[in-house]
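Novice: First the structure, which I've put down as structure tokens, then a few questions once you've had a look.
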Amino acid sequence: MVASRWSTGVLLATVAATRAAFNPVELIDVKGRLNSAGLDAHLKQHASAVPKLTIVSAVGAPGCGKERLLNDLFRTSFDSSLCLPGSSAAASKPLCVASVCAEDPSVLLLGSDATPGADAGRVAALHAQVAGVVLVHLWQADVGRAVPANRRALRAILEQAQEVGKPTQLVVVVHDCAPEDCANPGASLAPSVTRELEDLWQELGIAGAGEADKGAAASLASAASVSVFALPSPEADSATYAAACGQLKAVLAPKVAACAANAGMSPEAAGKSLASRWAGAAPALPSKAELEALCAVDSAYYESLACAMPSLVRMRAAAEKGGVIGDLGAQAGKLIADAVQSFDEATSAVALGAALSARAARRASLVEDLTAEAEAAKAMMLASLTQQALKKFEAKLLGLVSKLKEPADPLPDDKAKKELRAASLNLASAAQKLALPFQAASKAGAVAKAKETDNFNAELAALLAGFDESGPCKVLRMNRLQRKVERAKKQPKQPRSIVPGFHLAAMMRQVGSGNLQGFAGYALGPHSIDFGYTNSRGDPELTGDKSPLLRLQPKVHFDIDL
């Protein structure tokens, strides 16, 4: 019967012309109150002859056109006027509206927006609990962007779907799509939508039936049968939009028919059943004592965070500039320990259930936040120390090259490995001082330290393996080779010899007043002669000067070259 009523041959134009004036009922108002009486009156008026109801729900982004689509598909009269988020109309818009399908009164439509409101997740969860088919409406521009409101609604739907016990029919309708996406949504849109659903499913970490004790996670397919449909903009091409609506109706027809066969809610009990489910989903308000305890926990968290975080931020700022704090681990560890101790002392009186769990969560968050800041500073400082250690190791290798007997001789393997071990130990010792004490003593800290050491040793080994081909090594070897060549270029030596020479010095002195004198010389090879004349000799009779007129002085010399 349902399948015949959902014949895909019905034209949308005919549907629009024959649409019955079924005014939708405000099921959940803006304050989160469920109107069970109004729903009962609506069902009594339009679905009194129906034994069982098939519920189809629609959740989606505001203004994407889901109301218009529901009106075209199910002959309903939902308000399809544009209601922008943040406007006064949006502030007064009901959280959920309901209407019987005019074409088939056994189908009850529920519609709501995916908004960032506090009750949006509850509304989406209610849809997943009671609906056989859930239509999720998205803008194409929001696909893959992890919009918070959409993720909250999808998360609530998946959480409830896994509790139903059978896969929920989840149809994702993507609005305002390009023609090429409408032609083949399975290739262009389905992977992105499925990936986002898989990510949400992984975040939930739900164990499969019979596998909880094994820790195995159920697959998304066990909770939801997902279909993706692309819908063009009705303003861009009304004919294409009408054709796409007809195709979507053909897709929904067998799904709604299958749910109708297993429908289990009578019209008379619908209002009471929905009210009960809505009330069961409402969170219990904490008592005044619990609120005071929660406030105390939050205050202690922020005060303890403020005691340690500024110092850790300064440490990270120093690390960003290349600075290294040798005892970072001890300083940061003391800051974190003091902050945690202050938090424990401030919240020691908390003993109420909700506040007690909040205290544990806040304490863990405090340790996590402070540790993350310290770890960021440590990572930067460790990177600086690593670069310094690599430069020192390279300098040690260059020192070994400078001591080689010949410039082209290979690097001594034993000495190079000795320097490698020394560099590794020095860095390990420095890194140990950077580690937080409580992490260094843990198994995870030991694993992280071993990984850091392995990574550094791999960098040292890589530097050593490529050292001979590195620029500094080549330059050093070339300079040594040039100096060796220059030293080998020696000046040619003169032959050893002994060359004798003869020299004759002659001096003629005549009697006179000494106003005349002169000298002459001549050299031939190693031989030479010098002759001088002067009239400075006194009269022999008057002065008694008896020196000869001409005086000769022969000399023999030897020029020795060794």
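The values are calculated or read from the model by the stated rules, or taken from the named source; none is laboratory data. Please read all numbers here as calculations on a predicted model, not as lab measurements. Here the Cβ is made from the backbone with ideal geometry for all residues, glycine too, and neighbour counts use every protein chain on show. Calculation scope for accessible area: heavy atoms of the full protein, side chains included, ligands and nucleic acids excluded. Shrake-Rupley method; radii C 1.70, N 1.55, O 1.52, S 1.80 Å.
Novice: Name the pairs whose Cβ atoms lie under 9 Å apart, with the first residue in the range 42-70 and at pLDDT 85 or above, the second open to solvent by less than 10 Å² (accessible area, probe 1.4 Å) and among the aromatic types (Phe, Trp, Tyr), and 6 or more positions between them or separate chains?
Specialist: Listed by first residue and then by second, the contacts come to Val56/Phe74.
Novice: If you go through the range 508-562 one residue at a time, how many are of a type in the set (Asp, Glu) and closer than 30 Å to Arg496 by Cα?
Specialist: Count: 3.
Novice: Here's a check for you: in the range 321-363, which residue that is assigned to a loop (DSSP other than H, G, I, E, B) and among the charged types (D, E, K, R) is surrounded by the fewest Cβ atoms within 10 Å (Cβ to Cβ)?
Specialist: Among those that are assigned to a loop (DSSP other than H, G, I, E, B) and among the charged types (D, E, K, R), it is Lys321.
Novice: Can you list residue pairs whose Cβ atoms sit under 8 Å apart, with the first residue in the range 472-489 being in contact (Cβ under 8 Å) with a residue 12 or more places away in the chain and the second being surrounded by fewer than 11 Cβ atoms within 10 Å (Cβ to Cβ)? Count only pairs 6 or more apart in sequence or on different chains.
Specialist: Every condition considered, the pairs that remain are Arg477/Ala408; Leu481/Ala408.
Novice: Next up: Restricting the search to the range 83-136, which residues are polar (S, T, N, Q) and at pLDDT below 80?
Specialist: Scanning the range 83-136 gives Ser87, Ser88, Ser92, Thr115.
Novice: Considering only residues that are open to solvent by less than 30 Å² (accessible area, probe 1.4 Å) and either among the hydrophobic types (A, V, I, L, M, F, W, C) or at pLDDT below 85 (or both), which ones fall in the range 386-404?
Specialist: Result: Ala389, Leu390, Phe393, Leu397, Leu400, Val401, Leu404.
Novice: Hey, could you check the range 90-111 for residues that are in contact with a strand residue (DSSP E or B) (Cβ under 7 Å, 6 or more places away or on another chain) and of a type in the set (S, T, N, Q) and say which is surrounded by the most Cβ atoms within 10 Å (Cβ to Cβ)?
Specialist: It comes out as Ser99.
Novice: Only one of these is in contact (Cβ under 8 Å) with a residue 12 or more places away in the chain and open to solvent by 70 Å² or more (accessible area, probe 1.4 Å): Ser513, Ser497. Name it.
Specialist: Only one candidate qualifies: Ser513.
One line per residue, one yes/no per condition, for (1) closer than 21 Å to Gly121 by Cα; (2) open to solvent by 50 Å² or more (accessible area, probe 1.4 Å):
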position	(1), (2)
Ala141	no, yes
Pro167	yes, yes
Val171	yes, no
Asp176	no, yes
Val193	yes, no
Leu200	yes, no
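Novice: Please work out which residue is modelled with the lowest pLDDT, limiting yourself to the range 275-303 and to residues that are open to solvent by less than 50 Å² (accessible area, probe 1.4 Å) and among the aromatic types (Phe, Trp, Tyr).
Specialist: Within the range 275-303, the match that is modelled with the lowest pLDDT is Trp278.
Novice: Restricting to helices (runs of 4 or more DSSP H) lying wholly in the range 416-498: which have 2 or more residues that are of a type in the set (Asp, Glu) and out of contact with any Gly (no Cβ under 6 Å at 6 or more places or on another chain)?
Specialist: Result: 443-465.
Novice: Under 8 Å between Cβ atoms, which residue pairs at least 6 apart in sequence (or on different chains) link something in the range 536-556 that is at negative phi and touching a residue at least 12 places away in the same chain (Cβ under 8 Å) with a partner that is in a loop (DSSP other than H, G, I, E, B) and among the acidic types (Asp, Glu)?
Specialist: Partner pairs satisfying both residue conditions: Arg537/Asp545; Gly538/Asp545; Asp539/Asp545.
Novice: Which residue out of Ser513, Ser442, Ser470 is at pLDDT 80 or above and farther than 30 Å from Asp414 by Cβ?
Specialist: Being at pLDDT 80 or above and farther than 30 Å from Asp414 by Cβ holds for just one of Ser513, Ser442, Ser470, which is Ser513.
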